[in-house]
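Colleague: The structure that follows is given in the form of structure tokens.
The values are calculated or read from the model by the stated rules, or taken from the named source; none is laboratory data. In this text, all values refer to a predicted model and were calculated from it rather than measured experimentally. A quick note on method: Cβ atoms are made from the backbone with ideal geometry, for glycine too, and the neighbour counts reach across all protein chains shown. The accessibility values were calculated without ligands, DNA or RNA, using every heavy atom of the protein model including side chains. Shrake-Rupley method; radii C 1.70, N 1.55, O 1.52, S 1.80 Å.
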Amino acid sequence: MKAICIDGGASKVAGSLVKQLGSDTFGLDSDIIENRYKDQEGFNHNFSSIDLDLQFERIPIGQDEKKQGDVYIKTIISTIDKLITSDNAIISIAMPGVKTEDKKGISVMANGPRIPNLIQEVINYFGKSVKVLDIQSDADMCVWGEEYAKKGSLRSISNAYYLGGGTGIADGLKLNNKILSFDEEYDWIAKCWEFKLKNGNSLESLISMPGIINNKNSLDEICNNIGLFLFDRVCTINKGASPKFIVSRPISDSHPFKGILLDQIIIGQRLAEYFLSESGNIHFRQIKDIFLEYCNKEGGLVKRSYNANNIDEKIILSQLRESPIIGLGAKACLSL
């Protein structure tokens, strides 16, 4: 079985054919095609996303936002067009942002336009004979890729947190051998983009790649916040909400996974590439040291579980850049 898999990011679209290699293994069946939104005719370089609070209040989509959304749709369609080989193809798309209730569009987008009609526009273009699946979370698909790719980092891990860094941050969870969606665990754990710093800026804007390469940001501040953020994930999963950052909604301190200590924290995508570079590796070591400082202060089982002897096995870097595409193919094929 094969599927056309489209990973829509904040700045570009990447797509490929994915095929099933075994009962629990999937891989690419074509080269990855990439198309940038800004290369599409009509792209508005001056477009700025609507304030998130206003988006959650369902402020109507204006003409500028709609036009930018149309550019995103055209970019996705042109990528599919280069991959499609039959009228009854299976198409699976992942996008950042909050999905509409029917999973056919995007209702809230931190780094782009809202696109509530995305799936319908794809169907309108290719015809009703194609099967276009509901929109998936790009973050969730990173985790699915790490689970089902031949060299995925999650294949033999029971409990892990995934941090994917690019234009934004992708959060992923696997607990008790089950892949979880942050959208479904909404009441007890917040996504990275929901966290705010004391100065009012979002944590995501500091620790994603645009924040890291911004010379105005202190790398020490970035490392300190990533170390604290990873420690926060450990504590939230182990004992319930223990907010180290500002979140503008209530977070329950009760959840069914209390007591679990993460076997691993996996860092992927462009953030992992940066930490694998000569200069980035210096900061990666600093982040691990900061994380351990927080664990030592916490004491008890957390201190015993994460230490200088095992930290290189506890926080690892994944080089599986195609993880969201493979994840899309795995979920599409396994759900049919």
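Colleague: For the stretch 226-235, state whether one or more residues are open to solvent by 20 Å² or more (accessible area, probe 1.4 Å), more than 18 Å from ASP140 (Cβ to Cβ) and modelled with pLDDT of 95 or more.
Modeller: The answer is yes; a qualifying residue exists.
Okay, residues lined up against (1) among the β-branched types (Val, Ile, Thr); (2) closer than 22 Å to ARG249 by Cβ:
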position: VAL132; (1), (2): yes, no
position: SER158; (1), (2): no, no
position: GLY164; (1), (2): no, no
position: GLY172; (1), (2): no, yes
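Colleague: Considering only the stretch 263-281, state which residues are in contact with a helix residue (DSSP H, G or I) (Cβ under 9 Å, 6 or more places away or on another chain), in a loop (DSSP other than H, G, I, E, B) and more than 18 Å from LYS314 (Cβ to Cβ).
Modeller: None - no residue of the stretch 263-281 is in contact with a helix residue (DSSP H, G or I) (Cβ under 9 Å, 6 or more places away or on another chain), in a loop (DSSP other than H, G, I, E, B) and more than 18 Å from LYS314 (Cβ to Cβ), so the list stays empty.
Colleague: Condition check: within 21 Å of the chain's Cα centre (by Cα) and either of a type outside the set (D, E, K, R) or open to solvent by 30 Å² or more (accessible area, probe 1.4 Å) (or both). Does LEU271 satisfy that?
Modeller: The answer is yes for LEU271.
Colleague: Give the number of residues within the stretch 198-242 that are touching a Ser or Thr at 6+ places or on another chain (Cβ under 9 Å), touching a residue at least 40 places away in the same chain (Cβ under 8 Å) and not polar (S, T, N, Q).
Modeller: 6
Colleague: Tell me the strands (runs of 3 or more DSSP E) entirely within the stretch 1-94 that contain at least 1 residues that are polar (S, T, N, Q) and touching a strand residue (DSSP E or B) at 6+ places or on another chain (Cβ under 9 Å).
Modeller: Answer list for the stretch 1-94: 12-22, 25-28, 33-36.
Colleague: Would it be correct to say that LYS239 is open to solvent by 10 Å² or more (accessible area, probe 1.4 Å), at pLDDT below 95 and either in contact with a Lys or Arg (Cβ under 8 Å, 6 or more places away or on another chain) or among the charged types (D, E, K, R) (or both)?
Modeller: yes
Colleague: Count, please, the residues in the stretch 252-308 that happen to be aliphatic (A, V, I, L, M) and over 24 Å from GLY211 (Cα atoms).
Modeller: Residues meeting the conditions: 6.
Colleague: Let me ask something else about it. Output the qualifying pairs, or none if there are none: Cβ atoms under 9 angstrom, residues six or more apart or on different chains, first residue in the stretch 7-36 and closer than 10 Å to ILE325 by Cα and open to solvent by 20 Å² or more (accessible area, probe 1.4 Å), second residue in a strand (DSSP E or B) and of a type in the set (Ser, Thr, Tyr).
Modeller: ASP7/SER16; LEU28/SER16; ILE32/SER16
Colleague: What is the number of the single condition among (1) more than 24 Å from GLY152 (Cα to Cα); (2) β-branched (Val, Ile, Thr); (3) part of a loop (DSSP other than H, G, I, E, B) that ILE260 does not meet?
Modeller: Answer for ILE260: the failing condition is (1).
Colleague: What's the number of the only condition in (1) touching a helix residue (DSSP H, G or I) at 6+ places or on another chain (Cβ under 9 Å); (2) closer than 21 Å to LEU317 by Cβ; (3) in a loop (DSSP other than H, G, I, E, B) that ILE226 fails to meet?
Modeller: For ILE226, the exception is condition (3).
Colleague: Which strands (runs of 3 or more DSSP E) sit wholly inside the stretch 101-219 and have at least 1 residues that are farther than 30 Å from LYS74 by Cβ and either open to solvent by less than 60 Å² (accessible area, probe 1.4 Å) or at pLDDT below 95 (or both)?
Modeller: 160-165, 169-175, 178-180
Colleague: Further, regarding this structure: Can you name every residue in the stretch 84-100 that is of a type outside the set (Ser, Thr, Tyr), under 21 Å from ASN35 (Cα atoms), in contact (Cβ under 8 Å) with a residue 24 or more places away in the chain and surrounded by 19 or more Cβ atoms within 10 Å (Cβ to Cβ)?
Modeller: Across the stretch 84-100, the qualifying residues are ILE90, ILE91, ILE93, ALA94, MET95, PRO96.
Colleague: Additional query: Which residues, counting only those in the stretch 242-268, are open to solvent by less than 20 Å² (accessible area, probe 1.4 Å) and out of contact with any Asp or Glu (no Cβ under 9 Å at 6 or more places or on another chain)?
Modeller: Matches in the stretch 242-268: LEU262, ILE265, ILE267.
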